[in-house]
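A.B. asks: Here it is: the structure, laid out below.
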Amino acid sequence: MTATEPSIDIARLEKVRRTGTKLTARCPACAASGGDRRGEHFFLNTADGKFGCGAYPGDAEHRREIFALVGIIGERRPDPERDRRWKMDRDDERRRESARTTLIETAKATRAHIIARHRWVPCDVWENSPQRIDGPLVEFDPRHFIATLFPQDATVWTGDERQSGQHGKHAARWQTVAAWQELPAETVGPMISPATWPTGTISRAAENVASSPFVVLDFDGFDGLKPQTPQEINRHVRDAIALVRWIREGLQWQLAAIIWTGSKSIHAWFHNPGNAALQSLRDAASALGIDAGLIGRPEHPCRLPGQRHAKTGGMSRVLWLQTPIP
Ligand SMILES: [Zn+2]
């Protein structure tokens, strides 16, 4: 073995067994995600230094991972104290990983419990809405939606995702709420940011946000699964609405609106509960089926009501709406 030839630090392996020059052990790469508990995957030929994982034969990436975990380059003198520290660090890391897994599993189990306890069926949502959803003005008019949530003199952006950043071309996408009321409904939207902006803003960059009175929760699917069939979508919406009710009643967040996006998900608009509350929801978001990337991102666009979805052709609409702000 030359000084630069990759080799394996046998002291770092677990469940080591030797037969002649053949050594088997628990594969460090499989072990990193809790696998190979019986210690059967890893093999090393101590005569020529060839190693690999029996579960991933010929997988170069897996081999690189093994080497990153237990490989050594060049000569290394035995150092039991260093190896002992390394093993303690590794065990700590595994304990932390296992604690994270437990937390997520608990949240998932809790989620099922929350959903069962906070059923909020569509007719009750409709019944409970402070503004009656009984005509196109409340259900579909984006101008009415804006005027309900923002003060008349606030500057808000509406447009499609790309309508931002260019002088002249995009300046008209920022208007006061009063000015949006004067424009034809079809020139408003299709998206809005849950933010207000200084007069004269032309870019929807985070640093330009003047205030973020709302946080919009996007229930885009549980455990990374997007609902597909009409039945799955119905069930998803029903479960998401139960979580909205729990956030409202259990966490005491103030609900502002619920929007059906016209595709597969609902958006819940809540009055901004403050940074600490946002952070704790962000931690639990993925387990709750909420897109964590949008929490605390007031510059991000969300669909307004009365907008036809480009892919599904479905129309976005209001399911629940607070009374207009004075
Ligand atoms: Zn492996």
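Only the coordinates and a few stated rules stand behind these numbers; no lab work does. Bear in mind the structure is a predicted one, so any value in this text is a computation, not a measurement. Glycine gets a Cβ as well: all are built from the backbone with ideal geometry, and neighbour counts include every protein chain shown.
A.B. asks: Search the structure for amide H atoms under 5 Å from the amide H of I8, placed 1.01 Å from N in the peptide plane, and list their residues when 5 or more places away or on another chain.
C.D. replies: Those qualifying (amide H under 5 Å, at least 5 residues apart or on another chain) are I72.
A.B. asks: Can you tell me how much longer the chain between D283 and T312 gets when fully stretched, taken as 0.36 nm per residue apart minus their C-alpha distance, in nm with one decimal? The partial results should precede the final answer.
C.D. replies: Numbers: separation 29, 0.36 × 29 = 10.44 nm, distance 3.14 nm.
So the extension gain works out to 7.3 nm.
A.B. asks: Beyond 38 Å, what share of the Cα-Cα pairs of the chain is found? Please give it as a whole percent.
C.D. replies: More than 38 Å apart: 39 percent of the Cα pairs in the chain.
A.B. asks: Can you tell me the relative contact order of the stretch 262-326? Whole percent, Cα pairs under 8 Å, sequence separation 6 or more. Let's see the in-between values first.
C.D. replies: Working: 40 pairs, mean separation 23.9, N = 65.
Normalised by residue count, the contact order of the stretch 262-326 is 37 percent.
A.B. asks: Here's something else I'd like to know. Using the Karplus curve 6.51 cos²θ - 1.76 cosθ + 1.60 with θ = phi - 60°, what ³J(HN,Hα) values do you get for each residue of the stretch 267-283, in whole Hz, with x for Gly and Pro?
C.D. replies: Each residue's phi maps through the Karplus curve to give 10, 10, 8, 10, 5, 4, x, x, 5, 5, 5, 4, 5, 5, 5, 4, 4 Hz.
A.B. asks: Compute the relative contact order of the stretch 210-326 as a whole-number percentage, counting only Cα pairs closer than 8 Å that sit 6 or more residues apart in sequence.
C.D. replies: Working: 181 pairs, mean separation 41.3, N = 117.
Rounded, it is 35 percent for the stretch 210-326.
A.B. asks: Something else: Can you give the relative contact order of the chain as a percent, counting alpha carbon pairs under 8 Å and 6+ residues apart?
C.D. replies: Numbers: 548 pairs, mean separation 57.9, N = 326.
Normalised by residue count, the contact order of the chain is 18 percent.
A.B. asks: Suppose every K and R has +1 on its Cβ and every D and E has -1 on its Cβ; what is the size of the dipole of the chain about the Cα centre, in Debye to the nearest 20?
C.D. replies: Details: 44 positive and 39 negative charges, 194 e Å.
Using only the charged Cβ atoms, the result is roughly 940 debye.
A.B. asks: With point charges of +1 on the Cβ of Lys and Arg and -1 on the Cβ of Asp and Glu, referenced to the Cα centre of the stretch 1-72, which listed residue (G34, C53, V16) lies farthest in the positive direction of the dipole?
C.D. replies: V16
A.B. asks: Something else: I want to check the label-to-label distance for A185 and A55. Put each point 7 Å from Cα in the C-beta direction and report it in nm to one decimal.
C.D. replies: 5.7 nm
A.B. asks: Would you mind counting up the charge near A185? Only other residues with Cβ under 15 Å from its Cβ, with Lys and Arg at +1 and Asp and Glu at -1.
C.D. replies: Working: positive: R143, R303, R308, R317; negative: E139, D141, E182, E186.
Net charge in that neighbourhood comes out at 0.
A.B. asks: Pick out, from P324, T261, I66, the residue whose Cα sits farthest towards the positive end of the charge dipole of the chain, with +1 on the Cβ of Lys and Arg and -1 on the Cβ of Asp and Glu.
C.D. replies: The residue sitting farthest along the positive end of the dipole is I66.
A.B. asks: Just name one of A242, S211, V125: the one whose Cα is farthest towards the positive end of the charge dipole of the chain (beta-carbon charges, Lys/Arg +1, Asp/Glu -1).
C.D. replies: Value computed over the given set: A242.
A.B. asks: Now for a separate question. What are the ³J(HN,Hα) couplings of the stretch 82-94, residue after residue, when phi is run through the Karplus curve with 6.51, -1.76, 1.60 and θ = phi - 60°? Round to Hz, x for glycine and proline.
C.D. replies: 4, 5, 5, 4, 4, 5, 5, 4, 5, 5, 4, 4, 5
A.B. asks: Using the Karplus equation 6.51 cos²θ - 1.76 cosθ + 1.60 (θ = phi - 60°), what ³J(HN,Hα) coupling, rounded to whole Hz, does each residue of the stretch 111-128 give in order, writing x for Gly and Pro?
C.D. replies: Once rounded to whole Hz, the list reads 4, 4, 5, 4, 4, 5, 7, 10, 3, 9, 6, x, 5, 6, 4, 4, 4, 7.
A.B. asks: If you average the alpha carbon positions of the stretch 165-186 and of the stretch 234-263, how far apart do those two centres end up, in angstrom?
C.D. replies: Each part reduced to its Cα centre gives a spacing of 30 Å.
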